1. Sort the following peptides by mean Cβ neighbour count (other Cβ atoms within 10 Å, averaged over residues), highest first: 104-112, 57-65.
2. Want the number for S17 to K59: 0.36 nm per residue separation, take away the alpha-carbon distance, what's left?
3. So what is the relative contact order of the chain, in percent, for Cα pairs below 8 Å that sit 6 or more residues apart?
4. T110 versus S7, label points 7 Å from Cα toward the beta carbon: distance in nm?
5. Considering the zone a paramagnetic label at K70 would reach in this model (a point 7 Å from Cα along the Cα-to-Cβ line), which residues of the stretch 11-31 have amide N under 11 Å from it?
Amino acid sequence: QVQLVESGGGLVQAGGSLRLSCAFSGGTFSNYALGWFRQAPGKERELVADYTSYADSVKGRFVISRDIAKPTVYLQMNRLKPEDTAVYYCAAKIEGRPGYDYWGQGTQVTVSS
């Protein structure tokens, strides 16, 4: 069973940076595509970044990367804005399939103005 464990969230001032980590286990990492989602209070969950795309709101500020040896996926978040405040989730799906099947527990990111 695939398991995803996020870490790295916290409180940061606007303009600051955070790096989120998502540790993957329980499967063959290279068989899965991972992505980062977020959900702010009162809003729908949205895809922030996956291996091929970024949400328009984070382009040029966020970078997704992965370390196959660990295996871990990262989300480097720079020039953070108060509107980036949300719970961030890591998710995994089998490569080539449309939907994400596995989700982490989420990590809170709060950006103060």
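No value in this document is a laboratory result; all are computed from the given coordinates. Please read these numbers as outputs of a predicted model, since none were measured by experiment. FYI the Cβ positions are ideal-geometry reconstructions off the backbone, even for glycines, and counts take in every protein chain you see.
1. The densest-packed peptide leads the list: 104-112, 57-65.
2. The span from S17 to K59 would gain 13.7 nm if fully extended.
3. Details: 270 pairs, mean separation 41.3, N = 113.
Relative contact order comes out at 37 percent.
4. Label-label distance for T110 and S7, simple model: 2.1 nm.
5. 19-24
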